[in-house]
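Participant: One structure coming up, written as structure tokens, with questions to follow.
The values are calculated or read from the model by the stated rules, or taken from the named source; none is laboratory data. Source: prediction; values computed, not measured. Ligands, DNA and RNA are stripped out before the accessible areas are found, and what is left, the full protein with its side chains, is counted by its heavy atoms. Shrake-Rupley method; radii C 1.70, N 1.55, O 1.52, S 1.80 Å.
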Amino acid sequence: MINFTIQIIASIFVGVCFMYLAKRFQKNNIFYFCIGFFVSLTIRIIYLLIYGFFTDFKLQQDFEYNRNLSVLLSVIISCLFFGFLRKRLKNKNLDYQNINEIGA
């Protein structure tokens, strides 16, 4: 039960990070929260399904380790996707100016 709570908290944290991105570029907060939340959750599910195919869906001794690894992997890939999306939004939004660029 505690592991499930940690997984949900990690997904909510990723969703909140994507909400920050939406707020910064004047996009829909709920939509970007859902993108972040479901990307994190989907990566975790895909990882565990692949792990299940390799172990014939039998619980083994290292299942707990792989479940924790899936949380870490989902956060890392979500952060990479966040960076890619931020760079793409910054390039698309020409009127966006960084606070340091205003006085220059």
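Participant: Using θ = phi - 60° and the Karplus relation 6.51 cos²θ - 1.76 cosθ + 1.60, list the HN-Hα couplings for the range 62-73 in order, rounded to whole Hz, with x at every Gly or Pro.
Facilitator: Working through the residues one at a time gives 9, 5, 4, 4, 5, 5, 5, 5, 5, 5, 5, 5 Hz.
Participant: Let me ask something additional. Computing the accessible area with a 1.4 Å probe over protein heavy atoms, can you report the carbon and sulfur percentage for the chain?
Facilitator: C and S fraction of accessible area: 69 percent.
Participant: Using a 1.4 angstrom probe and counting only protein chains, how large is the accessible area of L89 in Å², to 10?
Facilitator: 20 Å²
Participant: For N91 and I6 in the same chain, what is the full-extension length gain: residue separation times 0.36 nm, less their Cα-Cα distance, in nm?
Facilitator: Full-extension gain reported as 27.2 nm.
Participant: Can you match mean projected area of the Cα convex hull in nm² to one of these, (i) 8.1; (ii) 10.8; (iii) 8.9, based on a calculation from the structure here?
Facilitator: Label (i) holds the value from this structure.
Participant: Heavy atoms only, probe 1.4 angstrom, no DNA, RNA or ligands counted: give me M19, M1 ranked by accessible area, highest first.
Facilitator: M1, M19
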